[in-house]
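Note sheet for the following structure.
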Amino acid sequence: MDPDTVLVAAMGVAVFAAPAAVAAYADGRRPWAGLLMLAMAMGLFWYANDLKEPGYSLQTAVEAFYVVIGRISHQLF
């Protein structure tokens, strides 16, 4: 799998994990789902960074995000 796609998938999982964990904590419940998704996102970040030889910097991560979103939108339209 393309490391840029894995990185964007990790970003997507992390975006949904944080609000889920905070909402569960605010309701007085244990945030197991949010923490599990956060662990999955961390694993995907690690895997994407491991697949790309020099790793990702902040600038290359943003570029990878735009490339993958552009690739998806090009396939849809």
How about the stretch 1-15: which of its residues are within 17 Å of Ile72 (Cβ to Cβ) and outside any loop (DSSP other than H, G, I, E, B)? Pro3, Asp4, Thr5, Val6, Leu7, Val8, Ala9, Ala10, Met11, Gly12, Val13, Val15
List the pairs whose first member sits in the stretch 56-77 and is in contact (Cβ under 8 Å) with a residue 12 or more places away in the chain and assigned to a helix (DSSP H, G or I), whose second member is of a type outside the set (A, V, I, L, M) and surrounded by 10 or more Cβ atoms within 10 Å (Cβ to Cβ), and whose Cβ atoms are under 6 Å apart, counting only residues at least 6 apart or on separate chains? Ala64/Asp4; Val67/Asp4; Val68/Asp4; Val68/Thr5
Which residue out of Ala41, Ala23, Ala18 is assigned to a helix (DSSP H, G or I) and crowded, with 18+ Cβ neighbours inside 10 Å? Ala41
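All of the numbers you see were taken from the coordinates with simple rules; none came from a lab. Keep in mind that what you see is a predicted model, and the values were worked out from it rather than measured. Virtual Cβ from ideal backbone geometry, glycine too; neighbours counted across all protein chains shown.
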